[in-house]
C-alpha cells in the first residue's frame, strides 16, 4: 500500500513539474488587449502569425542599411532607425530588437521609457551624457538619478520601464546602437505623451500636476503639439 502511494505521488509530482502551464504570464507585446467574444473581431496576440518554416528564407532574418542615418526629427535634432519584427520578420518570438539613434550636437533624445524592454546602448560616435531615474521607495515624489558621460566604445544600460535620456554634449553628431530584450519594446516620450495627448488632458489637471498656471500649460502644448 505504501509503495503504491509513493509511486502515485511520484507520478503526480512529475506531471505537475512538466506541465506546460506556468505560474506567470508572458510579457505583453502590445499596450492594450481588450477581450472579445467575437472571433471575427479578434487579432493575434503577443507576436505575429508564423510563416510555414518551409517557406522561410534568409531575407527573413536580415536587415540592411543600419549604417545610414535618417533625417532628423524637426525641432529635436535626432534620427532613429528601429529594427523590429516589422522590419525583420525572423525576429518574431525571439525577444530581441535593435535600433540606431543619431543625435546632433547639443540635442536631447528626450525623456522616454520602454514599457516592455531593457535597453543596452553602445556608443559608436560622439560623447553623450546619459541617465535614468529610479523611484525612491521611501518617497514616491522623489527619484534617484543614475547618470554617466559615455564615449565611443562605452556601454550603458537602461532598466526596463524606467525614464531615461541621452544628451549629446559634444561638438559633433553622436551615433548610438541600442539593443532591446523584446521584439516590440515600445516607446513612451514623456513630454509629448503628456502635453500632446489625444484627446488633451484638461488644463486644470496639468496645472495641478506640474504646479503651473493655464497660460504656461498652453505654451507647453504649443511646443509639443
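Annotations
- Structural descriptor for the range 67-186: relative contact order 37 percent, calculated from alpha carbon pairs under 8 angstrom and at least 6 residues apart.
- Shape call, the range 67-186: gyration tensor on alpha carbons, a/c limit 1.5: oblate
- Label-to-label distance, nm, for residues given as residue 223 and residue 172 (7 Å Cα→Cβ offset): 3.1 nm
- Cβ-derived FRET efficiency at R0 30 Å, residue 145 paired with residue 214, nearest 0.05: 0.50
- Residue order, fewest to most surrounding Cβ atoms within 10 angstrom, among 162, 66: 66, 162
- Cβ crowding within 10 Å, taken as a proxy for footprinting-reagent exposure, orders 110, 81 from fewest neighbours to most as 110, 81.
- Computed from the Cβ-Cβ distance with R0 of 35 Å, the FRET efficiency linking residue 203 to residue 50 stands at 0.15.
- Here the label points at residue 65 and residue 138, each 7 Å from Cα along the C-beta direction, are separated by 5.3 nm in the simple model.
- Cα gyration tensor shape for the range 114-181, rounded if a/c is under 1.5, else prolate or oblate: oblate
- Relative exposure of 119, 219, judged by other C-beta atoms within 10 Å (fewest first): 219, 119
- With a Förster radius of 25 Å applied to the beta-carbon distance between residue 154 and residue 94, the computed FRET efficiency rounds to 0.40.
None of the figures in this text is laboratory data; all of them are computed from the coordinates on show. The structure presented is a predicted model; accordingly, all values stated were derived computationally and were not measured. For neighbour counting, all protein chains shown are included, and Cβ atoms are generated from backbone atoms with ideal geometry for every residue, glycine included.
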